[in-house]
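Input: a single structure, listed below in structure tokens.
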Amino acid sequence: MSAHSLMESLRCSAIYRSIVRRGPADNDIDRSLAITSNVFLHLHPVKIRRHALRFTYTFGLGGITTLLFLILCVTGVLLMFYYVPSPERAYRSMQDLRYVVPYGTFLRNLHHWAAHAMIVTAALHMARVFYTGAFKGTRQFNWVVGVILFVLTLGFSFTGYLLPWDQLAFWAITVGTNMAAAVPLLGGMIRYALLGGNIVGANALLRFYVLHCAVLPALVFVFLAVHFWRVRKDGGISGPPLPAEVPEEGPPERLFATTPGRSYALVALPREAPAAVEESRKSPEDTVLTYPHLLVREAAAAMVVIGGLLLVALFLNAHLEEAANALKTPDPAKAPWYFLGLQEVVSWSTPFIGGVLVPGLMVLALLAIPYVRPNSVGVGVWFHPARRRAVIAFTIGLVLNVLLIVVGMFFRGHGWSLVWPWSN
Amino acid sequence: MRGPLTARLRDLATPPVLIAFGGVLWMIALLAMVLVDANPEWEAHQSEYRKRLAAAADDAASVRHAGRFKVQVKQIDLPALERVDRCVSCHVGIEDPAFADAPQPIATHPGDLLTIHTPERFGCTICHGGNGRATSREDAHGLPEPSLNPMLRGEFLQGSCGKCHGDDEFVAGSRLEVGRRLFDHYGCRTCHRLYQSGNTAGPDLTKVGSKKFDAFFWGNDYRGTDRSVVYWLESHFKNPSAFYPSTMLNFKMTDENARALVVYMLSLTDERIPDRLQPSRGPTKP
Ligand code: HEM
């Protein structure tokens, strides 16, 4: 029996049919069913606009961030098998991972680099959404959900930072929580609640562990569900308004032979459908089937990202410094890299300004973005000229943030003095 | 803006090609994973040990013994001392008298110290220092120096005896005992505090043996490569202003006396040793 006919008879078997409940996806109806009858794929609409497939529109950033989050969940659970959140044993867990757990170093590296990458891709995804005006119209609130997800992502990274219980972890969290203590009136209480005491000790480690491994994952899953649900309800991801006439580009490349079968028979539209759905109904020719066109692109992105991550995790080791020591302050003591911009501001001003006012205003400004000029001008177009001033303002903020982080990472030495990166 | 090269790359980067490219990355990673972890150091040493065991086996019992030897990470779990010592993963022969002439690291432990201080109860690092959890030579031995967990070498090893044994048990004439007497002889307590007695003109020395190399002040002009604790202490005793202007008296010590004092300093640690592992008479440490 050839491999092909083996696959065929497998596909026709009663058990396979009971699982997928559709025929081989060689016609558009079965391709639609592939999406609608699968609980995971059902996150996607059956058909999407051809424009949404363009890599240079989204750069796949939301999807890549999601993928990294899933990788973090899997590697995180594996790490939990070895990790004990107590000051006596946390650091030893790290050493055991490194020296005796098979591929323990690799596992820790995967989690470490995926975590740092997720912050970067989430930030880039936010920038993409901003620059394409994708936060406008019906998508206003999904931007807010996105901001919440970003804050949660930072919380994930910050709580995870303490867990290795080495000097880097201990002092970064000491610096970070001292910033929180600068909140007027409540500051001391906030820090006390975070640490379960006045210093970074056993209680703080346990609290950070529980936040990192239980509370934050639950919250992120909930907000991700809302985030994706809203993307669907807003008619898929954004794009420029459809031109009056259907473009002459022709259908995208065919990955499977077509047989007649119309998918739109499956779609029932509510009387007042969201605008984007209305748009796509006007010109069905501009939409393509999610299966296979979107799925194959997602698979491609996932393969490349995971492949790259595997290689990075093999060759770049996550740092492990000496065990945490409350009596030995490193000089300089630096916050985690994504907070270095704020630490930089603290170093020229006061903990209140750099640690509370500036980040507070930044989050408020982000939340306000979709509500400042509620219109739908230039949605779906990168750097649309109608939004010139907004684009410039956002870019200045972004560049400033990155610059300050770079200064904090590479140009700050003993006593927080300015140094050249190569001078020590 | 789009040159022919970027255009061609763009045409090439179709989903199937990218999936294949990703697949290649996965393969490279898998291959590298297999290669990276293929030959840990301890495996070679244990293989050598097993080979010698088998070669020397001359009766049924020893043949069976050799056959049962498994090449695997070996460790001594020491909950009472809050440590796990994996030194025996390479130093597999320490308790086997037949390996007295074998090369390191599989040779028998010299002397008879292990008969009183059995490895099952004491492990290795409580005396030798180093990083017991590590399974590579460099990390376990705390190399390259200076490091946070250096091993104590030669005469300095005697510093560890003082972690458990009280002054009255020091072997007469040993480095440790000589150092202990020199401490009184030079009148160090005139300026330094040790346990409950002494003065505060100089730093308290009660836990000086637990200090790491980076806790000592090396001055601004020292350019040497040796930054170990032992080197700092010895230089400091021979010339208190070796690294920076110090107010301590220069006793013009001989090398030998300076080193004996270093040994005594190394015994002054804050390591917690449970009572049941203490020598019967108990320490005279207050
Ligand atoms: C944990 C972090 C996040 C994940 C996993 C995530 C995931 C996604 C995914 C998969 C999409 C579909 C389109 C795409 O791939 O670009 C999307 C769209 C969107 N995201 Fe996020 N996102 C995150 C954070 C954010 C942030 C920080 C913002 C903005 C503040 C944001 C705002 C949006 C908006 C407005 C859309 C709709 C975009 C459009 O219709 O073009 N998201 N997100």
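Where a number appears in this text, it was derived from the coordinates with a stated rule and is not lab data. What you see is a predicted model; the values in this text were computed from it and never measured. Reconstructed Cβ throughout: ideal geometry from the backbone, glycine too, with neighbour counts over all protein chains shown.
Stokes-Einstein at 20 °C, 1.002 mPa s, Kirkwood radius from Cα pairs: D for region B:41-140 in µm² s⁻¹? D = 152 µm²/s. Take every Cα-Cα pair in the protein assembly as shown and report what % of them are more than 49 Å apart. That tail contains 35 percent of the Cα-Cα pairs.
Summed over qualifying helices (DSSP H, 4 residues or more, each -39500 (n - 2.57)) and divided by its residue number, chain A shows a 222 nm mean residue ellipticity of -18500 deg cm²/dmol.
Note on residue B:7 and residue A:218: their simple-model spin labels are 5.7 nm apart, each label 7 Å out from Cα toward Cβ. Output the DSSP H helices from chain B with an along-axis C-alpha extent of no less than 18 Å and a mean Kyte-Doolittle hydropathy no less than 1.6. Qualifying helices: B:15-36. Modelled label positions at residue B:71 and residue B:276, each set 7 Å beyond Cα in the direction of Cβ, lie 3.8 nm from each other.
For chain B, a crude dipole built from +1 on the beta carbon of Lys and Arg and -1 on the beta carbon of Asp and Glu, taken about the Cα centre, is about 720 debye to the nearest 20. Relative to the current alpha-carbon distance between residue A:89 and residue A:40, full extension at 0.36 nm per residue lengthens the span by 13.8 nm.
This model, with +1 at the C-beta of Lys and Arg and -1 at the C-beta of Asp and Glu, gives region B:154-277 a dipole about its Cα centre of some 220 debye. Taking the longest Cα principal axis of chain A as reference, the axis of helix A:216-233 is set at about 30 degrees. Cβ crowding within 10 Å, taken as a proxy for footprinting-reagent exposure, orders A:394, A:170 from fewest neighbours to most as A:394, A:170.
Entry note, chain B: the mean residue ellipticity at 222 nm calculated from DSSP H runs of n ≥ 4, each adding -39500 (n - 2.57), is -11000 deg cm²/dmol after division by the residues and rounding to the nearest 500.
Taking amide hydrogens as placed 1.01 Å from N in the peptide plane, the amide H of residue B:151 sits under 5 Å from those of B:130, each at least 5 positions away in sequence or on another chain.
Label point 7 Å out from residue B:59 along Cα-to-Cβ: which residues of region B:85-110 have amide N under 11 Å? No residue passes the distance filter. Remark on chain B: Rg and Dmax equal 26.5, 87 Å (Cα only).
Magnitude of the charge dipole for the protein assembly as shown, about its Cα centre and with charges confined to Cβ atoms of Lys, Arg (+1) and Asp, Glu (-1), is about 2200 debye. Each of A:81, A:228 has some number of other Cβ atoms within 10 Å of its Cβ, and from fewest to most they run A:81, A:228. Counting only cysteine Cβ atoms and a cutoff under 4.7 Å, chain B contains unmatched residues B:90, B:127, B:161, B:164, B:188, B:191.
Binned at 10 Å from 0, what are the whole-percent values of the Cα-Cα distance distribution for chain A, short to long? That works out to 4, 18, 26, 24, 16, 9, 3, 0, in percent per bin.
Each Cα pair under 8 Å and six or more residues apart adds its separation to the average, and for region B:1-108 the resulting relative contact order is 18 percent. Shielding by partners for peptide B:28-36, expressed as the average number of C-beta atoms from other protein chains within 10 Å of each residue's C-beta, is 4. Take the alpha-carbon centre of region A:73-132, take the same for region B:188-212, and report the distance between them in whole Å. About 43 Å separates the Cα centre of region A:73-132 from the one of region B:188-212.
Legend: calculated FRET efficiency, residue A:70 to residue B:14, from the Cβ-Cβ distance at R0 = 22 Å, rounded to 0.05, equals 0.30.
With respect to chain A, whose longest principal axis is taken over its alpha-carbon atoms, helix A:3-12 is tilted by about 80°. For residue A:416, the shell of other residues with beta-carbons less than 13 Å away shows a net charge of 0, using +1 for Lys and Arg and -1 for Asp and Glu.
Once backbone amide H atoms are built at 1.01 Å from N, residue B:83 has B:78 as its partners under 5 Å, excluding neighbours fewer than 5 places away on the same chain.
Take each residue of peptide B:11-18, count the partner chain Cβ atoms within 10 Å of its Cβ, and average: the result is 5. Centre-to-centre separation between the Cα atoms of region A:177-201 and those of region A:357-405: 31 Å. Between the helical axis of A:167-180 and the longest alpha-carbon principal axis of chain A there is an angle of about 90 degrees.
Of the residues A:72, B:266, the one with the fewest other Cβ atoms within 10 Å heads the list, and the complete ranking is A:72, B:266. Across all directions, the average projected area of the convex hull around the alpha carbons of region A:281-417 is 14.4 nm². In percent, rounded to a whole number, the relative contact order of chain A is 25, using alpha-carbon pairs under 8 Å and six or more apart.
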